[in-house]
Every structure is written in structure tokens, then in C-alpha cells.
1. If you scan the stretch 46-60, which residues turn out to be surrounded by 15 or more Cβ atoms within 10 Å (Cβ to Cβ) and at pLDDT 95 or above?
2. Hey, among the residues in the stretch 165-177 that are out of contact with any Phe, Trp or Tyr (no Cβ under 7 Å at 6 or more places or on another chain) and outside any loop (DSSP other than H, G, I, E, B), which one's surrounded by the most Cβ atoms within 10 Å (Cβ to Cβ)?
3. If a residue must be out of contact with any Gly (no Cβ under 8 Å at 6 or more places or on another chain) and farther than 12 Å from Glu156 by Cβ, how many such residues does the stretch 4-36 contain?
4. Of the numbered conditions (1) on the phi > 0 side of the Ramachandran plot; (2) outside any strand (DSSP E or B), Gly155 satisfies every one except a single condition; which is it?
5. With respect to Ile162, determine if the residue is among the β-branched types (Val, Ile, Thr) and part of a strand (DSSP E or B).
6. Let me confirm something: among Glu156, Glu211, Glu201, Glu183, which residue is at pLDDT 95 or above, farther than 16 Å from Glu99 by Cβ and acidic (Asp, Glu)?
7. Anything in the stretch 80-103 that is aliphatic (A, V, I, L, M) and either touching a helix residue (DSSP H, G or I) at 6+ places or on another chain (Cβ under 7 Å) or over 15 Å from Asp171 (Cα atoms) (or both)? List them, or say none.
Amino acid sequence: MGSMTCPSCGAPVPFRSAAPYAVCAYCRSLLVRRDAVLESIGRVAQVPQDLSPLQLHTSGTFDHQHFTLVGRIRKTWDQGSWSEWCANFDQPQFGWLAEAQGDWVMTFERALQELGSPTGPDLLQRLGPGASLTIDSQPFTVSDVKAVSVTAAEGELTSAAITGMRMTSIDLHGPGTRFATIEIAERQSRLFVGRFVAFEECRFSNLRTLEGWG
């Protein structure tokens, strides 16, 4: 997609997708594209080293559709943290591949209005653990509600992931491998719907080399 110049440090910022946000790899500025201009809207922390086999530019498939990982957000709660990878599909569309405690989940953002009303804080009040919700005419049950904060980010992103951003994350399980997440933040609430995936199912390429992995 080309390269632009970071307004904070002058370093090149490559864009390989249509994602509107990117993190400068040199000065850690969070940048947003506005027409042909990049604007800095904050700073983000560097994602810490972990044992994930994934990395930026890892490719894979989901439901026979090819994707490439172009960004990552690190989220933290009081009992741990996990990564959410921004997956740029060839269609084109964006998905989010969550990697948490050995589970892998691919979700896609949907209009929150599909849930009906109320939404936002009112939705949070009625969606405690065990509550039921209908998505795509299927029953989903709330399995977890937790306070989450963004602690780091890298690459290209579809949303502004400023370090310290706080939200409430509501996880829901549906029939079979179906899964959904609702994120309720001060300024915006978002819905993501998808399913659990097996690592082998994604047929990844360009993985990190880790000791003990084939």
C-alpha cells in the first residue's frame, strides 16, 4: 500500500493494508491517516517479548480465506494478559485473532445495533455472568465480564489503541465453537463475533522460530 512519514520523528511508516491506524516502530507514536497526511494522536508502549509463535506478517487461512497479521494489541486484566492480532484478509476485510491461554479465536467486528437496545452502559448493567443474548438468531451466554486496559500495540490497526485505554470486556459463548465479545469503553462500544479455531487449522506460515517448536 506504500509508505508514509511519521510526523513525530520522520521515520518511514509502511502501510500494507487499508487500516487507518499505525504505530511508528521508531518513536512509538500512534498515527492515524487523514487523507494523505499522518497525524500523531498519542504514544503506545512496546509489546513485551513472549512465547507466541506469531509475529507481524505471519500469514494463515480461516474458512479457506487467506490473511496476514498486520498489527497487534496487548490487553491486560487483573489476572493476566493476552494478544489480539489484526488480520488483514484478501477479500478485503479485517478480523481479530485473539491468542489467550492456549485458546485461539477469530472474530469480526459487527454493528452493535444488531443486539438491539439498550447498548453502552445500559447493556453492561444487564449482561452479567450467565446472562443470555441472541446473536445471529442463536443463543449466547455471558461467560466472563472483566475490566481491561490496553498496555501495548504495534503495526497497523483498525482502531485507536492508546496505552492506558480502559474498557469492560464481556465474553459470550454460543453453540459449538461460536464466540463473541462486547467491549464497552467510555466513548465507544464494539461487538465482535466469530469462533474458536485450532492452531493447525490456520496453516500458518512465516512463524517465529521458538525453541521446542517444529
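1. In the first step, residues of the stretch 46-60 are kept if they are surrounded by 15 or more Cβ atoms within 10 Å (Cβ to Cβ); the result is 47, 52, 54-56, 58-60.
Scanning the stretch 46-60 gives Leu54, Gln55, Leu56, Thr58, Ser59, Gly60.
2. Of all residues in the stretch 165-177, those out of contact with any Phe, Trp or Tyr (no Cβ under 7 Å at 6 or more places or on another chain) come to 165-171, 175-176.
Now drop any that are not outside any loop (DSSP other than H, G, I, E, B), which leaves 166-171.
Values: Arg166: 10, Met167: 20, Thr168: 17, Ser169: 16, Ile170: 24, Asp171: 19.
Among those that are out of contact with any Phe, Trp or Tyr (no Cβ under 7 Å at 6 or more places or on another chain) and outside any loop (DSSP other than H, G, I, E, B), it is Ile170.
3. 14
4. All conditions pass for Gly155, except number (2).
5. Values: among the β-branched types (Val, Ile, Thr): yes; part of a strand (DSSP E or B): no.
Considered against the rule, which asks whether it is among the β-branched types (Val, Ile, Thr) and part of a strand (DSSP E or B), Ile162 comes out as no.
6. Numbers: Glu211 fails: at pLDDT 95 or above; Glu201 fails: farther than 16 Å from Glu99 by Cβ; Glu183 fails: at pLDDT 95 or above.
So the residue among Glu156, Glu211, Glu201, Glu183 that is at pLDDT 95 or above, farther than 16 Å from Glu99 by Cβ and acidic (Asp, Glu) is Glu156.
7. In the first step, residues of the stretch 80-103 are kept if they are aliphatic (A, V, I, L, M); the result is 87, 97-98, 100.
Passing the criteria: only Ala87.
Residue-wise test of (1) part of a loop (DSSP other than H, G, I, E, B); (2) among the acidic types (Asp, Glu).
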{"site": "Ser40", "(1), (2)": "no, no"}
{"site": "Pro48", "(1), (2)": "yes, no"}
{"site": "Leu69", "(1), (2)": "no, no"}
{"site": "Ile73", "(1), (2)": "no, no"}
{"site": "Trp96", "(1), (2)": "no, no"}
{"site": "Glu99", "(1), (2)": "no, yes"}
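The values are calculated or read from the model by the stated rules, or taken from the named source; none is laboratory data. None of the values given here were measured: they were computed from a predicted structure. When we count neighbours, we look across all protein chains shown, and the Cβ atoms used for this are built from the backbone with ideal geometry, even at glycine.
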